[in-house]
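Chemist: There's a structure below that I have some questions on.
The numbers here are math on the coordinates, done by the rules we state, and not lab data. Note that the coordinates shown come from a computational prediction; the quantities given were computed from them, not determined experimentally. Please note: Cβ atoms are built from the backbone with ideal geometry, for glycine as well, and neighbour counts cover all protein chains shown.
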Amino acid sequence: MKRILGLDLGVSSIGWALVNEAENQNESSSIIRLGVRVNPLTTDESVNYEKGKSITINAERTLKRSMRRNLQRYKLRRKNLIEVLKREGFITDDTILSESGNKTTFETYRLRAKAAKKEVSLEELARILLMINKKRGYKSNRKANTTEEGQ
């Protein structure tokens, strides 16, 4: 007879079984003992479970990691766009890229509307492209009053 300890390591539990395994046909295999150890929920997890929230600790970590990655991608896109604009002569190293004074977001929107109808300078076009890059993917957080408005 061979004695074997089998383990099942799960996320929130550990299962085990101690068995006798037959080495030849004359013997029969048998289970000696078995059991399960369940890891209890923390107080935060149990409160969330009672409220019906099924978010795990790892989900919170994943959410924060995805936020960091999105910020990193945003900065990389902006940096790459600025490099292309400098290389193509749209802007110089002395060009102010921040929105301040008369170069606010609202002014850039007006400039964007103007560019749809009239010709604008290369620096103004660069400001428009940088704003589109910055505001990329914006969605209003206002609630729709009816189902027609939400579509």
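Chemist: Compute the distance from the alpha-carbon center of the range 101-133 to that of the range 1-38, in whole Å.
Modeler: 71 Å
Chemist: Here's something else I'd like to know. In what sequence, highest mean first, do 23-34, 40-51 appear when ranked by Cβ atoms within 10 angstrom?
Modeler: 40-51, 23-34
Chemist: Using Cα-only point scatterers and the Debye equation, what is log10 of I(q)/I(0) for the range 1-123 at each q in 0.21 Å⁻¹, rounded to two decimals?
Modeler: -1.25
Chemist: Going 7 Å from the Cα of Asn48 toward and past its Cβ, which residues in the range 4-30 have a backbone nitrogen under 15 Å from where you end up?
Modeler: 12
Chemist: How big is the shadow of the Cα convex hull of the range 68-134, averaged over all directions, in nm²?
Modeler: Over all viewing directions, the range 68-134 projects a mean Cα-hull area of 4.9 nm².
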